[in-house]
Amino acid sequence: MCSGRVLLVEDDVLVRLLAAEALIDGGFDVAEAADAPEALRLLDGREFDLMVTDVGLPGMTGAELAVRARTDRPALKVLFTTGYGPEDGVPADLPTLRKPYAADALAATVRSLLAQPSH
């Protein structure tokens, strides 16, 4: 059973692989992107319930990607992941999962966000 459609945006191949595995094991339908342009292409052709994005992406930050993605899809929920501190440009009111995170923590956080009503 699919618990939701998730777009995973992570430039580190190993982290992306492990995160995708955790989300798939958690019952989510997952599409993967290595950078913001690839994520925007995927968003253009498919519907997603939530985007998990690294903050430190090459070329365009995860925060900038979220703004672009939500311009056309205001209901898209976003979860940021980062190994940096709160000064890394993520708005304090948006959900953030600090790296390194446990696989089950990622799946549980996504499940919790998807259970919340959209704004």
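Taking the criterion of being within 25 Å of residue 93 (Cα to Cα), among the hydrophobic types (A, V, I, L, M, F, W, C) and modelled with pLDDT of 95 or more, the residues of the range 35-64 that qualify are 36, 39, 40, 43, 48, 50, 51, 52.
Every test in (1) assigned to a helix (DSSP H, G or I); (2) loosely packed, with under 14 Cβ neighbours inside 10 Å is passed by residue 93 save one, and that test is (1). Out of everything in the range 10-36 that is among the charged types (D, E, K, R) and in a loop (DSSP other than H, G, I, E, B), what residue ends up being nearest to residue 61 (Cα to Cα)? The selected residue is 35. Exactly one residue out of 96, 82 is within 19 Å of residue 115 (Cα to Cα), touching a strand residue (DSSP E or B) at 6+ places or on another chain (Cβ under 7 Å) and of a type in the set (S, T, N, Q): that is 96.
Could you tell me how many of the residues in the range 23-37 are buried (at least 16 other Cβ atoms within 10 Å of the Cβ) and either free of Cβ contacts under 8 Å to residues at least 24 places away in the same chain or of a type in the set (Val, Ile, Thr) (or both)? Final tally of qualifying residues: 1.
Suppose the filter is modelled with pLDDT under 95, hydrophobic (A, V, I, L, M, F, W, C) and outside any loop (DSSP other than H, G, I, E, B); does residue 67 pass it?
Values: modelled with pLDDT under 95: yes; hydrophobic (A, V, I, L, M, F, W, C): yes; outside any loop (DSSP other than H, G, I, E, B): yes.
The answer is yes for residue 67.
Picking from residues in the range 38-75 that are within 24 Å of residue 115 (Cα to Cα) and of a type in the set (Ser, Thr, Tyr), the one that is surrounded by the fewest Cβ atoms within 10 Å (Cβ to Cβ) is 71. In the range 96-116, the qualifying residues are those that are of a type in the set (A, V, I, L, M) and within 15 Å of residue 22 (Cα to Cα), and the one that is surrounded by the most Cβ atoms within 10 Å (Cβ to Cβ) is 110.
When residue 41 is tested against (1) under 17 Å from residue 13 (Cβ atoms); (2) in a helix (DSSP H, G or I); (3) without any contact (Cβ under 8 Å) to a residue 60 or more places away in the chain, exactly one condition is not met: (1). Filtered by the rule that a residue be closer than 21 Å to residue 44 by Cβ, hydrophobic (A, V, I, L, M, F, W, C) and touching a residue at least 40 places away in the same chain (Cβ under 8 Å), the range 1-22 gives 6, 7, 8, 9. Answer with yes or no whether residue 60 is part of a strand (DSSP E or B) and either more than 13 Å from the chain's Cα centre (by Cα) or not β-branched (Val, Ile, Thr) (or both). No; evaluated as a whole, the condition is false for this residue.
The values are calculated or read from the model by the stated rules, or taken from the named source; none is laboratory data. Please read these numbers as outputs of a predicted model, since none were measured by experiment. Methodologically, a virtual Cβ is constructed for each residue, glycine included, from the backbone with ideal geometry; neighbour enumeration extends over all protein chains shown.
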